[in-house]
Every structure is written in C-alpha cells, then in structure tokens.
Amino acid sequence: MSSTAELLWRMIRLAVTVALVSAEFDEMGWKATYNVGPSYSKPPQCVDIPDDLRLCYDVGYPQMLLPNLLDHETMAEVKQQASSWVPLVHKRCHPSTQILLCSLFAPVCLERPIYPCRVMCEAVRAGCTPIMEAFGFPWPEMLTCDKFPTGDMCISINNASEVQPAGSPNICPPCDNEMKTDAIIEHMCASEFAVKGKIKEVKNENTDRKVILQKRKKIVKSGSLRKKDLKNLVLYLKNGADCPCQQLDNLGNQYLIMFRKVEKQYLLTGIHKWDKNSKEFRKVMKRLRTYRCPTYANVFK
C-alpha cells in the first residue's frame with residue numbers, strides 16, 4: 001500500500017472512531033451541525049471503485065459510496081466529472097490533493113458520511129490555485145472550503161502544520177516536458193485547441209509571458225477556432241513572466257501547442273516538442289486519433 005493510501009486509512013479510522021463515540025449526533029443533527037450534506041434521490045450503496053476511475057482507483061480502499069458526496073448518482077457521472085481533476089493531481093501542487101478530491105468523489109463506505117476538514121481544503125486550495133489559474137480555471141464552488149467541517153469528525157491532513165504545499169513547481173505548469181502519454185492526453189483534453197507549429201517571439205507582458213506563433217501552423221484540435229483567429233495567433237502564459245519554460249527558449253523546434261480561450265485571451269495550457277523519433281510522442285498521437293475526452297465545461301464552476 002502506498003504512503004498516501006496508508007495515510008488515508010489512518011485518517012478514516014480516526015474519523016470512524018470519533019463518529020462512533022459521538023452517538024449524540026444523529027444523521028440529521030450531524031448534517032445540521034456542519035451545514036453540509038448530500039440530498040440523495042435514492043439510498044447510498046457501497047460499490048467497487050472501478051479501475052477506470054483514474055482519480056481514485058488507487059486511493060487505498062476498494063469500495064465507495066454511490067451516490068457520492070457531490071450528489072453524483074451514477075458511476076458514469078462520477079467518472080466523467082472526476083477525470084477532469086486527474087491533471088491537477090499529476091501536478092503535485094499539494095500532497096493532500098487526491099485525498100481531498102476522493103473523499104468527495106469516491107467516499108469510503110461508512111454508516112454516515114465523513115467529509116474533508118476545512119483546514120485540508122484550505123491547504124490544497126493554497127497550493128493548487130496558482131496551477132489552476134495558469135490554465136484559466138478558478139477554484140470551483142463545489143470546493144468552497146468554508147462549507148466543510150472543523151474539529152475531529154472529518155478527514156484531515158496528517159499533520160496540522162502541513163498547510164503549505166510540499167514545494168512549488170520549478171517550471172511553469174504548461175511547460176512540463178517530462179509527462180507520459182496519459183498526462184499529455186489529459187492536457188490535450190483540458191485544452192480547447194491544439195496546433196503544430198513554431199514560436200516566432202516570446203516577451204514578458206506584466207506578470208504574463210506573451211507567446212507569438214509563426215504564421216505557418218497545422219491544426220491538431222480545432223474546437224471553435226476560426227481561420228482568422230489562427231492567422232495571427234498570440235498566446236499568454238498566465239503568471240509566467242518569471243517561471244522557467246525550456247520550450248520557450250528553443251524557438252527553432254516544432255511543438256505541439258495546446259491552449260484555451262479565457263475571456264479575450266488564448267492561454268497556453270501545454271507545449272511539447274513535436275518529436276516523431278520519440279516512441280512516447282508517437283504513442284500519444286496514435287491514441288489521440290480515437291481517444292474520447294471527458295467534458296470539462298461543467299466541472300470547474
């Protein structure tokens with residue numbers, strides 16, 4: 001069992017112990033005390049966590065409650081919504097990110113729900129918000145930390161002092177060039193558009209980095225991109241003026257460039273060298289021909 005799984009089991013056992021000795025809290029009283037709780041149209045049941053629920057299949061326990069604590073009533077809905085969060089876990093913006101998310105998407109089977117503690121939510125939010133903002137996503141309402149409980153009857157981080165992320169990333173989030181096939185595909189799915197092309201010029205603009213592409217490009221994922229938008233395409237690396245991005249220092253290379261539109265700007269969400277000699281890259285491009293991305297539009301609200 002991984003250290004993350006062992007940690008989660010310890011937290012769950014603690015939460016169960018506290019819940020059992022607090023018999024004065026009936027089901028309605030517990031929900032009223034913390035002002036949080038799902039409204040199910042059918043009774044919760046324990047189901048196996050499927051292998052293709054990639055966010056939580058290795059979290060450390062075999063079964064979860066369905067409906068979950070986000071009111072997802074079918075496994076198909078859980079998979080669709082949870083898949084959007086896998087790229088954030090890959091970024092390792094905080095050691096408790098997966099625990100926080102899986103406590104809601106795939107809660108462990110207990111007689112009463114155990115929610116994440118507010119302090120853990122706040123710690124993950126502090127560590128991961130900069131990463132999400134780099135991709136144009138705000139911290140979502142479904143993870144509003146104030147609605148989660150304080151005290152002992154909740155899942156917390158192992159050490160109360162662990163309120164900061166383990167370490168900030170050394171590179172700009174979209175510039176990770178060491179990702180494997182699954183992570184690159186998840187980046188592609190989280191992006192509205194993708195092109196093959198070269199970079200003409202890079203310069204700082206306030207706290208962002210402005211990336212001007214050469215005119216000659218090949219569309220890989222068109223989305224709603226129009227030809228006139230493609231002609232003079234300018235991207236922005238959000239809050240990237242000071243963070244390293246090796247790809248933007250090598251303007252002679254062809255790149256797979258991924259981006260999405262936020263308000264009136266196109267934000268760079270991923271950039272990988274277009275390398276046909278790389279077995280990993282060839283595998284990515286082959287899978288993308290048939291891969292069906294989850295829907296992201298309804299997730300980050």
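Structure notes:
A quick yes/no check of all residues on (1) at pLDDT below 90; (2) closer than 30 Å to MET188 by Cβ; (3) in a loop (DSSP other than H, G, I, E, B); (4) among the basic types (Lys, Arg):
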| residue | (1), (2), (3), (4) |
| --- | --- |
| MET1 | yes, no, yes, no |
| ALA19 | yes, no, no, no |
| TRP30 | yes, no, no, no |
| GLN80 | yes, yes, no, no |
| PRO95 | no, yes, yes, no |
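- Among the candidates TYR61, TYR57, residue that is more than 18 Å from PHE137 (Cβ to Cβ), hydroxyl-bearing (Ser, Thr, Tyr), in a loop (DSSP other than H, G, I, E, B) and without any contact (Cβ under 8 Å) to a residue 40 or more places away in the chain: TYR57
- Lone qualifier among GLU263, GLU280 - being farther than 19 Å from GLY136 by Cβ, assigned by TED's automatic domain parsing to the domain that holds MET179 and under 27 Å from the mean Cα position of the chain (by Cα): GLU280
- Checking ILE114 against (1) without any contact (Cβ under 8 Å) to a residue 60 or more places away in the chain; (2) of a type in the set (Val, Ile, Thr); (3) in a loop (DSSP other than H, G, I, E, B), the condition it does not meet: (1)
- Within region 186-218, considering residues that are of a type in the set (S, T, N, Q) and surrounded by fewer than 22 Cβ atoms within 10 Å (Cβ to Cβ), the one nearest to LYS238 (Cα to Cα): THR207
- Within region 168-192, being outside any loop (DSSP other than H, G, I, E, B) and either in contact with a helix residue (DSSP H, G or I) (Cβ under 7 Å, 6 or more places away or on another chain) or over 22 Å from LEU55 (Cα atoms) (or both) holds for PRO173, PRO174, CYS175, THR181, ALA183, ILE184, ILE185, GLU186, HIS187, MET188, ALA190.
- Residues being crowded, with 16+ Cβ neighbours inside 10 Å and touching a Lys or Arg at 6+ places or on another chain (Cβ under 7 Å) - total across region 115-142: 5
- Meets criteria (farther than 30 Å from LYS286 by Cβ and at pLDDT below 80) for GLY167: yes
The values are calculated or read from the model by the stated rules, or taken from the named source; none is laboratory data. Keep in mind the model is a prediction, meaning the values are calculated, not measured. Glycine gets a Cβ as well: all are built from the backbone with ideal geometry, and neighbour counts include every protein chain shown.
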